[in-house]
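K.L.:
Quick one: structure below, then a few questions.
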Amino acid sequence: MKRRKSIPGWARIAAMALVLMIYPAANMLIDPFGVFGDPIFDWYSYNEYNNPRAAKIAWLEENHERFDSYVIGSSCAASLSTGELNEYMDARFYNLFSYGSDMCNYRANAAYILEHYEVKNLVLNLNLTEVEEYGIRQDDIHYRTHALVSGENLPLFYLRYAFCDPKYALDKVRSWMQDTYLPQEFDCFDVDTGCYDKRVRDVEKIGDREIYQAAHGGDFQYWPRPEQAEMPCLDQCVEDLTAIRDMCEEKGVNLTVICSPAYAAQLEAYGEEALARYRTAVARVVDFWDFSSSSLSRDSRYFYDAAHFRNAVGTMMLAEIFGDDSVYRPEDFGTFITAENCRESSRQGMPQAEDPAAYTVEVPILMYHHFSGDEEGAVTPPEFASHLEALRDGGYTAVFMEDLIDYVYRGGELPDKPVCITFDDGYLSNYEIAWPLLEQYGMKATIFAIGSSVGHEEFYKDTQFRLTPHFSYEQAREMTASGAVDFQSHTYDLHQWAPFESGDRIRASALPLPGEREEDYAVMLENDMEIYDRERRRELGEGFSALAYPGGYYNVLTEVLIHQAGIPVTLSIETDRPNVLVRGLPQSLYALCRWNVTAGMTGEEVLAMIGGT
């Protein structure tokens, strides 16, 4: 048997030295926690997911001159919009929240930024859990506070991350290769604001409460340990709050303290006595806004899960603090607690559920297309008249999309039995047949017209293919001026008819084409919306507020891009759930269901379809 040659000792030492050099070098260059400046990837949305306590401070060291105000808190504070705070306070906010934080981390962050950065305003968001634990997980690489903040030996801090498990660097490389246009779990931070990037979660359809709760399973259970429910860290919490108050006063910084909304299960875990003790203790130190307990706490739709309220609720909170009456919030939402009124405020007890009829409404939506007295498949004038008569006699009142927006965003009123009547595509028959009947029966409708077809009475676009005539902008102005018709988007040119198109990039819907890059699709969709919005403003004086998806087809990216462009209402052709609008929740206006009305249907059948009989 042939013996293997032994490796000389010097070679082993050299190999080990090489490994020891490569290993930390890879961690420093790939920098999965963002503490070394992330020289290759510059991907702080990933770094902050790995450890926001360290990565955010590292990023701020290079970018803090862009800001003059900060939000501090745990993950609940992520739902406080820096853009809204900037508007209300004429400031430049950064959200310095980090998940798993407690008062120990809040105090350390406040001390650091007040000493080293320009700070005009500090918003401190408390969410009750600070009284359960204190100074936890500081040795965990995912939760370790940056040494600049904690005072830890700086070279030792960097050594810890240079020699951390190489799997973190490998995970970052793998994630980079899997990255998409939309945020995923591993890059869920908006780097420029410090908030969570909730674009995907915030296009989730929300309406019927039972459907929402069924979709979220156990997300709304809350299980603090018995000793945590006793608020064992309350005294330490108050001590640190006092220190933050004193630091702000010394630096002349405006401090706003907020106790954020809590889901009912969390409040019940503490109990009334403990909650009263908490409010009294905080009020002895600072005046604060208390949103913890309200009727909203009893409705899971206003929360992502039992520990996190929705971004829309953050919008309500800021509207209450700054007296913005254009934003809906419940009447019992928010109390400004001071040392003088804390005794009375602390007696408020557990939140009481509000009658859902006070803040929700079901709105069926009917979908029509073409009307004709002699074309097969088209709804005839007598049929449409019978539908309108049945709706009127059934007590229904037709409303526009803007009425739905007003209800959800501003808390406006809707009639007892609202219904939306919609026409797709923009056919001339909407003008010649449907409009006069709408006026005759005191009804109104929204037309979702294809922009590239408006005014085409003979031919499809610039071809010689004949088409069903479409109305013009002049006729659209007549209809809208009457108050019986509203004009909204069916996209500008994403409802193409394949037999009349040339080439192999035919868009029959708003969905991406097979193999289309997400970035290219986003540019295309944004351009389509911009062209049509500009045209509508020129012809009718204002932009769009609603879009019906061609064919009813959409995906998460489509929804994100549409709402990101400022269109608050989208409509599908699904019929899997009722359209339950919830005041204060924009998501209840997303991908609304519509019931298709076809030729031959009677008025009674239309009523039965929408549950009116």
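The values are calculated or read from the model by the stated rules, or taken from the named source; none is laboratory data. Because the structure is a prediction, the values reported are computed rather than measured. Reconstructed Cβ throughout: ideal geometry from the backbone, glycine too, with neighbour counts over all protein chains shown. For accessibility, only protein heavy atoms count, side chains too; no ligands or nucleic acids. Shrake-Rupley method; radii C 1.70, N 1.55, O 1.52, S 1.80 Å.
K.L.:
Run the 1.4 Å probe and let me know the accessible area of residue 302, rounded to the nearest 10 Å².
P.N.:
Roll a 1.4 Å probe over it and residue 302 shows about 10 Å².
K.L.:
Might you work out the accessible area of residue 150 for me, using a 1.4 Å probe with all protein chains in place, and round it to the nearest 10 Å²?
P.N.:
About 60 Å², ignoring ligands and nucleic acids.
K.L.:
Under a 1.4 angstrom probe, counting protein chains only, how are 172, 120 ranked by accessible area, largest first?
P.N.:
From most accessible down to least: 120, 172.
K.L.:
Remind me, relative contact order of the stretch 193-298 in percent, using alpha carbon pairs under 8 angstrom and six or more residues apart?
P.N.:
31
K.L.:
Okay, moving on. Could you give the Stokes-Einstein D for the stretch 516-566 in µm² per second, using the C-alpha Kirkwood radius, 20 °C, 1.002 mPa s?
P.N.:
182
K.L.:
Could you give the size of the charge dipole of the chain about its Cα centre, using +1 on the Cβ of each K and R and -1 on the Cβ of each D and E, expressed in debye and rounded to the nearest 20?
P.N.:
2700
K.L.:
Just reorder 251, 205, 417 by solvent-accessible area, largest first, 1.4 Å probe, all chains present.
P.N.:
Most to least solvent-accessible, the answer reads 251, 417, 205.
K.L.:
Also, quick follow-up: Which distance in nm do the two modelled labels at residue 440 and residue 530 give, with both placed 7 Å along the Cα-to-Cβ direction?
P.N.:
Modelled inter-label distance: 4.5 nm.
K.L.:
For the stretch 24-171, what is the charge dipole size about the Cα centre, in debye to the nearest 20, if Lys and Arg each add +1 at the Cβ and Asp and Glu each add -1 at the Cβ?
P.N.:
180
K.L.:
Where both partners of a DSSP beta bridge lie in the chain, what percent of those bridges are antiparallel, to the nearest 5?
P.N.:
Antiparallel bridges make up about 20 percent of those DSSP assigns within the chain.
K.L.:
Ignoring ligands, DNA and RNA, please state the percent of accessible area on the stretch 127-255 from carbon and sulfur, probe 1.4 Å.
P.N.:
C and S atoms contribute 51 percent here.
K.L.:
Same structure, new question: Can you give the helix-only mean residue ellipticity at 222 nm for the chain, where every DSSP H stretch with n ≥ 4 adds -39500 (n - 2.57) and the sum goes over all residues, rounded to the nearest 500 deg cm²/dmol?
P.N.:
Mean residue ellipticity, 222 nm, calculated: -11000 deg cm²/dmol.
K.L.:
Helix hunt in the chain: which complete DSSP H runs extend at least 20 Å axially by C-alpha with mean Kyte-Doolittle at least 1.0?
P.N.:
Span-like helices here: 9-30.
K.L.:
Another one. Once you sort the root eigenvalues of the Cα gyration tensor of the chain as a ≥ b ≥ c, which label holds: rounded (a/c under 1.5), prolate (a/b larger than b/c) or oblate (the other case)?
P.N.:
Since a/c reaches 1.5 but b/c is at least a/b, the shape of the chain is classed as oblate.
K.L.:
Bins of 10 Å, beginning at zero and ending with the bin holding the largest distance: percent of Cα pairs per bin for the stretch 277-365, please.
P.N.:
Final binned percentages: 15, 42, 35, 6, 2, 0.
K.L.:
For 133, 344, 605, give the ranking by accessible area with the largest first, probe 1.4 Å.
P.N.:
Result of the area sort, largest leading: 344, 605, 133.
K.L.:
Please report the accessible area of residue 313 (heavy atoms, 1.4 Å probe, ligands and nucleic acids excluded) in Å², nearest 10.
P.N.:
Rounded to the nearest 10, the figure is 0 Å².
K.L.:
Here are some pairs, 198/251; 172/198; 120/198; 167/198; 198/444; 205/417; which of them have Cα atoms lying more than 25 Å apart in this structure?
P.N.:
Result: 198/251; 120/198; 167/198; 198/444 exceed 25 Å.
K.L.:
Please compute the Cα-Cα pair-distance distribution of the stretch 496-613 with 10 Å bins starting at 0, giving whole percents from short to long.
P.N.:
In order of increasing distance, the bins hold 11, 34, 34, 18, 3 percent.
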